[in-house]
Amino acid sequence: MCTHRSLRPSRHGLPLAALLAILAIAPLHAQTSTFSGTVALSSQLVDRGVAVTPVTPVLQGAASWATANGWVLGLSAGVQTRTPRHGSDVLAQLDHYWLLGGDWRMQAGLAYYAYPGNASAGAFDRAEASVGWIYRDVLTFGLSAISLTRGSNHQPRGAVDVDFHWPLPAHFSLTAGVGVAQPLPAWSRYSSPAYDSTRATFPPYPYRQRPGPYYGYGQVGLAWAYEAWRVELDRIATDPSQRQMAAAPWVATISWSF
């Protein structure tokens, strides 16, 4: 998302869930229903430290409708600008927020992720339930339960994430996050040494690996936001066990909200 920061954890590069989270937070303080949207351009789509797209510009759009009593409905989509017919992603989510006091909020939600037209990322198609706690929009702790919707292995997987956001002078802010998750697909073509990101060509078969029962990931970044604009640069780190699937070390995003 968001960047998060979102309770859809650690989708850095301002992925779709992060976009929706940014749109959802502000309207929670309003007295009426609110509609908002965001358009963003990222250098890569990343999901919990794992590359969902190659290092190529990804254009994303998100729309969110939030009610005064804490319900948020969001829809978003993205496409690789260089190969629009060979890579896209769609997200639908429903969340509910509760105020727990002056400093704390709680969130629970359901989301569905799909990658139509993106055969290499189709293994990431999934449904996800999450619950999280937010402290003063500074610290977020989230738990997620994940079930893949393709293939025969629908065994639930889990993830735990902690995200941090600290305002700095001159419209800057420091962002950071760490997480632990059970792997989803056991392979990725995007980070394979045989993948040519300039020509979008792949070897004839995926490079497989033997993932452990869980892996760690994280990021630290600097963001600048002014009125409707936001620019963010993140340094991504992924457990060495996921090296064939790891995202690029740097992910940049620029977004405009309305």
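The values are calculated or read from the model by the stated rules, or taken from the named source; none is laboratory data. This structure is a prediction, so every number in the text was calculated from the model and none was measured. No Cβ is skipped: glycine too gets one built from the backbone with ideal geometry, and neighbour counts run over all protein chains shown. To get the accessible areas, we keep the full protein, side chains included, count just its heavy atoms, and leave off ligands, DNA and RNA. Shrake-Rupley method; radii C 1.70, N 1.55, O 1.52, S 1.80 Å.
So the values come out like this:
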{"quantity": "Coil-residue trypsin sites (Lys or Arg not before Pro) of segment 98-136, DSSP, other Cβ within 10 Å capped at 16", "calculated": "Arg136"}
{"quantity": "1.4 Å probe accessible area per residue over segment 123-162, in Å²", "calculated": "47 Å²"}
